[in-house]
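Structure first, commentary second.
The values are calculated or read from the model by the stated rules, or taken from the named source; none is laboratory data. Remember, it's a predicted structure, so these values are computed and weren't measured experimentally. Here the Cβ positions follow ideal geometry from the backbone for every residue, glycine too, while neighbour counts run over all protein chains shown.
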Amino acid sequence: MVGQTQAVFRDHRDARRHQPAADYLGLGVGPSQNGHPGRPQPGQKIAFQKLQAGLPGGLGLGIAGTYTSQTGTPAQTLLPTYRTPAQSPFFRFRTGMTPTLADGERTRIAPQFHYYVGRFGLLGEYTTVSQDVSRRISATSLREDSLDTTAWQLQAAWFLTGEEESFRGFKPNNVFSLANNTWGAFELVARYHELDPDDDAFVGGAASFADPAVSARKATAYGLGLNWYLNENLKWVLNYEQTSFDGGAPAGADRDDEKVFLTRFALGF
C-alpha cells in the first residue's frame, strides 16, 4: 500500500497530494523495474483531477481515475511489483522466459474521504485497478485475462500538542528551541491497510500469471507512529509496521509476518 515509495509510515498529510491508494495500499506499493501503477504511464490516458467537496464539520470527498493502454515486452513487462512498507516485495507477476505482460487496458478508480475536527484527522481511500494481461506459455498457447487488484486504507492522526489537523497543512504552535524551552509539535498517527490481488492471477498451475509459492494472495498491515515537527520545515518520524500475508510461501503456506521499526528525518521547503 495506494507513495512515492519511501520505506516509512505514510504520514496522513502526504496523502494530500493524492497518490492513488494502489500506490500505498500495496503496503507501500514499491516501484517495479517494469513499471508502476501509481505513476503516469505512456500511452493514451484520461485523468480526473481530485474533486474536493467541502462539507460541514471538516468533511471532504474526492475521486481520481486514470486510463491507459499498454503492451509490455519480456524486457519491460510494464507490470508492478507490490512491496511492504519496508520495501520487501510480496507480490510480482511471473518473469523469466515466459513472463506475464501488460497487454491492453489499465483502468484505475480511487474514491477518497477525509474528516478533520480540532486536533483529530481521519482519511480513508479505496482503489481498484483493472489490468489486461497475457502470458505466452508456448508457441501455440497464449493465456489472456483482465485482473482486478483492490486496496484500501484508513489513517488517523492526533496532535498531542494542540495543533489543528487540516487536509492542507498546519503550523506548529511553537518551534524547537532549547533557548526558549519549546519543543515543536508532536503527532500520533495510525494506519490500517490491505491489498488484495485478483485470485485469477494464481489460477492455472505452472501456467498461472503469478506464482503462489512466491507471491502472496493478500497482504494486511497496520502501523503506529510518532511525528515530531521541530519547525515548519523539519520533521522526524518514528514508526512501527506489521504486515501479515495470505499465502506467498511454498506448499500453500503463509509467508512469515514482517515487523519493522522505521525512522527518518524529512526536510521540506
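Points worth noting:
- Residues of the range 158-186 classified as closer than 25 Å to residue 240 by Cα, at pLDDT below 95 and of a type in the set (Ser, Thr, Tyr), total: 1
- Considering residues of the range 130-149 that are of a type in the set (Ser, Thr, Tyr) and surrounded by fewer than 18 Cβ atoms within 10 Å (Cβ to Cβ) only, the residue farthest from residue 218 (Cα to Cα): 140
- Scanning the range 168-186 for residues that are closer than 25 Å to residue 155 by Cβ, of a type in the set (Gly, Ala, Ser) and part of a strand (DSSP E or B) yields a single hit, 185.
- Any hit, the range 186-195, residues being out of contact with any helix residue (DSSP H, G or I) (no Cβ under 9 Å at 6 or more places or on another chain), surrounded by 16 or more Cβ atoms within 10 Å (Cβ to Cβ) and within 19 Å of residue 82 (Cα to Cα): yes
- Residue within the range 187-205 that is at pLDDT 95 or above, part of a strand (DSSP E or B) and among the small types (Gly, Ala, Ser) present: yes
- Scanning the range 119-152 for residues that are over 16 Å from residue 72 (Cβ atoms) and among the charged types (D, E, K, R), we see that the one that is farthest from the chain's Cα centre (by Cα) is 119.
- Restricting the range 80-102 to residues that are of a type in the set (D, E, K, R) and surrounded by fewer than 23 Cβ atoms within 10 Å (Cβ to Cβ), the residue that is nearest to residue 156 (Cα to Cα) is 92.
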